[in-house]
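Accompanying notes for the structure given below.
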Amino acid sequence: MLPIIGASILAFAIILERFWSLRRTRIMPKGLLQIVVEELRGNKLSSERIRAIASGSPLGRILAVGLTNRGQSHDLLKERIEETGRQVVHELERFLNTLGTIATVTPLLGLLGTVFGMIQVFGVITSVGVGNPHILAGGIAKALITTAAGLIVAIPAHVFYRYFRGYIDTLTMEMEDQSIRLVENVKSLSKPSPKVSNTRTVRTAT
């Protein structure tokens, strides 16, 4: 039971921490892309401003990489953004492997405790026989408690593990979409203006 209790405390702490860290307002501040694009079009993005954007949120970190490398080629710009995006997603997934491990291991710990309990029950049967069913029933019930405790911890842990996985996938897709829109705006601003021809058509009088 002690490992199961410890796993339950750890799982509860991870769930609370992930709920706090994965708040949408923290990951993707509303209107950030629009503000960045307006500042980009107005040529108001200094180095200090880009550093502030990068430190403000995970999405800002990705956008800041695009702004820093906006003078590079299209392929190199996308590569820098994708590399930073992978790092950001890895940070968003922090502790999820631990939560998934708890969901997998705690039922096994409960089953192991039940096996040890049943071994003790059979030891009692060997010593006193089967004449007292109350002792046997109490021993079996005690042995099954660990299995129940393992399942009680594992089921919520698995539910929240799957929830956070799906939620992070959604955030990843939205951040990817916003980074693509930033690249499109950067490249549209970097295109040279079309030249206006000053040649005049000379009409020949016949």
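Evaluate the following for L10: is it in a loop (DSSP other than H, G, I, E, B), of a type outside the set (G, A, S) and in contact (Cβ under 8 Å) with a residue 12 or more places away in the chain? No, not satisfied.
Okay, residues lined up against (1) assigned to a helix (DSSP H, G or I); (2) modelled with pLDDT of 95 or more; (3) loosely packed, with under 14 Cβ neighbours inside 10 Å:
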site: I135; (1), (2), (3): yes, no, no
site: I145; (1), (2), (3): yes, no, no
site: F160; (1), (2), (3): yes, yes, no
site: Y163; (1), (2), (3): yes, yes, yes
site: T172; (1), (2), (3): yes, no, no
site: E176; (1), (2), (3): yes, no, no
site: S179; (1), (2), (3): yes, no, no
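Being in a helix (DSSP H, G or I), surrounded by 14 or more Cβ atoms within 10 Å (Cβ to Cβ) and at pLDDT below 75 is a property that V105 lacks. Restricting attention to segment 40-79 and to residues that are surrounded by 12 or more Cβ atoms within 10 Å (Cβ to Cβ) and basic (K, R), the residue that is farthest from H90 (Cα to Cα) turns out to be R41. Of the candidates T114, T25, the single residue that is assigned to a helix (DSSP H, G or I) and free of Cβ contacts under 8 Å to residues at least 12 places away in the same chain is T25. The set of residues from segment 28-82 being hydroxyl-bearing (S, T, Y) and either in contact (Cβ under 8 Å) with a residue 12 or more places away in the chain or assigned to a helix (DSSP H, G or I) (or both) comprises S47, S55, S57, T68.
The values are calculated or read from the model by the stated rules, or taken from the named source; none is laboratory data. Remember, it's a predicted structure, so these values are computed and weren't measured experimentally. Neighbour counts are summed over all protein chains in view; Cβ atoms, including those assigned to glycine, are modelled from backbone coordinates with ideal geometry.
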